[in-house]
Amino acid sequence: MPDDARQSEYDSVVRAFLKFLATLALLLVIIAGGAWWWAGRLPPPRIEIRQPQRFVGLSTPLDVAVEAPGARFSRVVVELEQNGKSHPVFALDQGSQSQTRREADTLSIGGGVGKKEFPDLQSGPARIVVRAARPVLYGYRQVESQAIRDVQVRLEPPKVAVLSTFHYVNQGGAEFVVYRATPPDVESGVRVGDESYPGFAGSAVGIKDDGSTRVAFFALLHDQDVKAPMVVYARDAAGNESATPLDHRVFPKAFSRSRIEINDAFLQRVVPAIAANVPDMKLSTAPQDLVVSFLRINGDLRRRNAQTIAEDARKTKPEMLWKDAFQQVVNAAVEAKFADSRTYFYEGREIDHQVHLGFDLAVTAHIPVVASNRGVVLHAGDLGIYGNCIIVDHGLGVQSLYAHLSSIDVKVGDTVEKGQTMGRSGMTGLAAGDHLHFTMLVNGRAVNPVEWWDPKWMQDRVFRKIEAAAGQQ
């Protein structure tokens, strides 16, 4: 083959190879560009600022959740910005003092963002800024997101002052207070030892003002120390709190003690009936297991029922639905008193101890059970140890409870008037005989009903204070 032809063939091969390389390079560029474009459109980290919601105060908790596959991030930064200055709150892998927790795809960030952590903060607007990025395309590219929460820095604690006078508290009993809390949007109430009782607007009892007057029912529970501190508190949404001691006098009370004999006939009647209504507790009804099942009912189920009652208390109406003292069952014999300390015996040996938080009232079998005062039915049905039970809400955290009924004639949501028949007495639940178990509740905690039946107590402890406060407006 001539040299010219050989050279021409060689040049043709080179040109074809170069064209192939150029095509391959172009293809790689297109693939790389497509991958880069695709990676840039992958979902960025999802950011949720849970706390703070609206306000930052002297000590305000931070709660931020950042989510990405495998909780893998190349950058997470949290800052608090105010007046052109940025306060670093958290930076990933930079020795931040914030509390962090990783769970599956989520990084949770805690800590604080208040004046305590950042002394330069001033009252006024600010914002929480969270920036996050995660690696994609084997780390060659990042996708980023940002979340901003506008907040108001509030550093002045709320103010609270007691308006009513003569707060006399019987151990196991209730009381009522009128007070002022400012600004009007603060949460407030009464704290007795470790127990808290919410306050309500003064307008709920007919007191008209700028919205700062509040009222609250509270109690010194039967098992609380008579020296338990009592304060009226106010707490704003930024977490700032003020409290003032509540001037009061406590009257200690001695509560009854009783011995309760449990026999096989009683166990065979009550345990299977209760077990059928709480199948999730898997209570055995075998003869040899009845005592063990009774102890679970008298303990575990009693506590569960108390939790249900406490949850129902949160549904209270923010207004006083009654106008006078509560009504007692007429001519009823008192079979058990409030806070009666009961020791249970089976075949001569002690097996349990509980406190009976109500009055057991009996006249004859299946007597009409009437509403002790005007209110709205919160519960109407089985309630464990109480059997067929009705709970009536009277507003402002006050409820009345009627237990062991043979029948119920009202339903949840019904408005009942004082003296209205709601059902009939019986022996359902943990009852030895036909009677009405009645108690009063303040914020879901049992208090002595005797006070509420007394017109003088109601006038002196409640209505007198309302009238005095209304007269000051």
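All of the numbers you see were taken from the coordinates with simple rules; none came from a lab. Since the model is a prediction, treat every value here as computed from it, not as a measurement. Cβ placement follows ideal geometry from the backbone for every residue including glycine, while neighbour counts extend to all protein chains displayed.
Relative to the longest principal axis of the Cα atoms of the chain, the long axis of helix 264-277 makes an angle of roughly 40 degrees.
Annotation: the antiparallel percentage among DSSP beta bridges lying fully within the chain is about 90. Length gained on full extension, Thr244 to Thr165, computed as 0.36 nm times the residue gap minus the Cα-Cα distance: 27.0 nm. The order of Asp223, Asp150, Asp414, going from fewest to most other C-beta atoms within 10 Å of their C-beta, is Asp150, Asp223, Asp414.
Local charge for Thr244 was computed over the other residues whose Cβ lies under 12 Å away, with Lys and Arg +1 and Asp and Glu -1, and equals +1. Distance between the 7 Å Cα→Cβ label points at Asp289 and Gln146: 6.3 nm. Indicate the gyration tensor shape class of the stretch 257-442 (rounded, prolate or oblate), computed on the Cα atoms with a ≥ b ≥ c the square roots of the eigenvalues: a/c under 1.5 is rounded; otherwise a/b larger than b/c is prolate and the rest oblate. Note, shape of the stretch 257-442 comes out prolate.
Work out from phi, with θ = phi - 60° and the Karplus expression 6.51 cos²θ - 1.76 cosθ + 1.60, the ³J(HN,Hα) of each residue of the stretch 245-261, listed in order in whole Hz, and give x for Gly and Pro. Rounded to whole hertz, the list is x, 9, 5, 7, 9, 9, 10, x, 10, 9, 9, 6, 10, 9, 10, 10, 8. The alpha-carbon of Lys115 sits under 16 angstrom from the alpha-carbons of these lysines, leaving out residues fewer than 8 places away in its chain: Lys85. Calculated from the structure, Rg and Dmax of the Cα atoms in Å equals which of (i) 48.5, 174; (ii) 21.0, 62; (iii) 34.1, 135? This structure yields the entry labelled (iii).
A Förster radius of 51 Å combined with the Cβ-Cβ distance from Arg102 to Ser341 puts the calculated FRET efficiency at roughly 0.55.
Note on Ser258 and Asp225: the extension gain reaches 9.7 nm, defined as 0.36 nm multiplied by sequence separation minus the Cα-Cα distance.
Based on the alpha-carbon gyration tensor of the stretch 232-289 and its eigenvalue square roots a ≥ b ≥ c, which shape applies: rounded if a/c is under 1.5, prolate if not and a/b is larger than b/c, or oblate? Oblate. The long axis of helix 302-313 is offset from the longest Cα principal axis of the chain by roughly 80 degrees. Amide H contacts of Gln420 (H built 1.01 Å from N, in plane; Pro and chain starts excluded): Ala371 sit under 5 Å, all sequence-distant by 5 or more or on other chains.
Sequence-ordered 3J(HN,Hα) estimates for the stretch 204-213 from the Karplus curve with 6.51, -1.76 and 1.60 and θ = phi - 60° stand at 5, 10, x, 8, 9, 7, 7, x, 8, 6 Hz, glycine and proline given as x.
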